[in-house]
Structure formats: C-alpha cells, structure tokens
1. Calculate, in nm to one decimal, what V81 and A106 gain on full extension: separation in residues at 0.36 nm each, minus their alpha carbon distance.
2. What list of ³J(HN,Hα) values in whole Hz, one per residue of segment 12-18 in order, does the Karplus curve 6.51 cos²θ - 1.76 cosθ + 1.60 (θ = phi - 60°) give from phi, with Gly and Pro shown as x?
3. Run the count for the chain, please: Lys pairs, Cα-Cα under 19 angstrom, 8 or more apart or on different chains.
4. With N denoting the number of residues in segment 30-116, provide Rg(C-alpha) divided by 2.2 N^0.38 Å, to two decimal places.
5. Gap in Å between the Cα centre of segment 55-77 and the Cα centre of segment 90-116?
6. Rounded to a whole number, what % of the accessible area of the chain do carbon and sulfur atoms account for, probe 1.4 Å?
7. What are the residues whose amide H is under 5 Å from the amide H of Y62, where those residues sit 5 or more places off or on another chain and H is modelled from the backbone?
8. In segment 7-81, if the dipole is taken from +1 on Lys/Arg beta carbons and -1 on Asp/Glu beta carbons about the Cα centre, which of Y7, Q77, C52 is farthest to the positive end?
Amino acid sequence: MQPAHDYVLRQREPFRAVLMHCMATIEAIIPAVELRYRYAIPFYYYQDKPFCYLNVKQKKGYVDVGFYRGFQLKTHQEMLVGANRTMVKSLQFTTLDTFDQRVLEAVLLEAKALYE
C-alpha cells in the first residue's frame with residue numbers, strides 16, 4: 001500500500017471520510033496529478049511540481065487542503081486561510097456535512113490554471 005493511502009486509512013472519522021472525498025475530487029478534477037507522500041502527508045504534484053496537500057489537524061478538528069501557490073488564488077478568498085504562511089493558503093473542512101464541493105472544485109481549477 002502506498003504511504004499516502006496508509007496515512008488516510010489510519011485517520012479516525014470524520015477525517016478519513018473528508019480525506020477520501022478530497023482525494024476523489026482532486027483526482028477527478030485534475031486526472032494528471034500524481035499522489036506522493038512528502039513531509040509525512042499526502043501531497044499532490046502537477047507537472048512534477050508541488051500542487052496541493054492534505055493534512056489532518058486533529059487537535060483543531062479539520063482537514064487542511066493546502067495549495068502550494070495559494071497566495072496567487074483569487075477564487076473564494078473568503079474561504080482560503082493563509083495566516084502565518086508565506087506561500088500556502090488552504091481550505092479547511094471539518095465534516096462531509098459541512099463540505100462545500102463547489103468551492104473545492106473552483107479552487108482546484110484555478111490552482112491548475114496557475115501551472116499552465
């Protein structure tokens with residue numbers, strides 16, 4: 001089993017479900033991404049460059065979907081968190097009930113466009 005998948009399967013709910021949903025969405029929207037295990041978390045690369053990562057923040061109660069070039073994104077700025085970071089902005093999801101599919105898809109497409 002790939003270490004990135006092992007990371008996901010080790011998580012407790014609701015984090016595991018959110019991670020799996022995020023992964024399915026990322027891979028459906030951008031089929032050319034490559035999942036790697038970097039910095040002890042699942043990290044997606046696009047065109048062999050860091051694209052986004054998935055990180056569980058259990059103590060804070062959310063899954064962090066960080067975008068490597070996040071400060072260049074314009075879409076859904078009200079949802080992107082960038083405090084104390086220089087390049088990365090992220091979407092934070094707590095459960096599938098509060099998950100906003102529309103926002104994730106829009107941000108993914110804009111982030112992909114930054115690499116083209």
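1. Stretched out fully, the V81 to A106 stretch lengthens by 7.4 nm.
2. Values, residue by residue: 8, 6, x, 5, 4, 4, 5 Hz.
3. So the count works out to 7.
4. 1.03
5. 9
6. 53
7. Long-range HN contacts for Y62: K57.
8. Farthest towards the positive end: Y7.
The values are calculated or read from the model by the stated rules, or taken from the named source; none is laboratory data. Not measured: the values here are computed from a predicted model. Virtual Cβ from ideal backbone geometry, glycine too; neighbours counted across all protein chains shown. These accessible areas exclude ligands, DNA and RNA; they are computed on the full protein's heavy atoms, side chains included. Shrake-Rupley method; radii C 1.70, N 1.55, O 1.52, S 1.80 Å.
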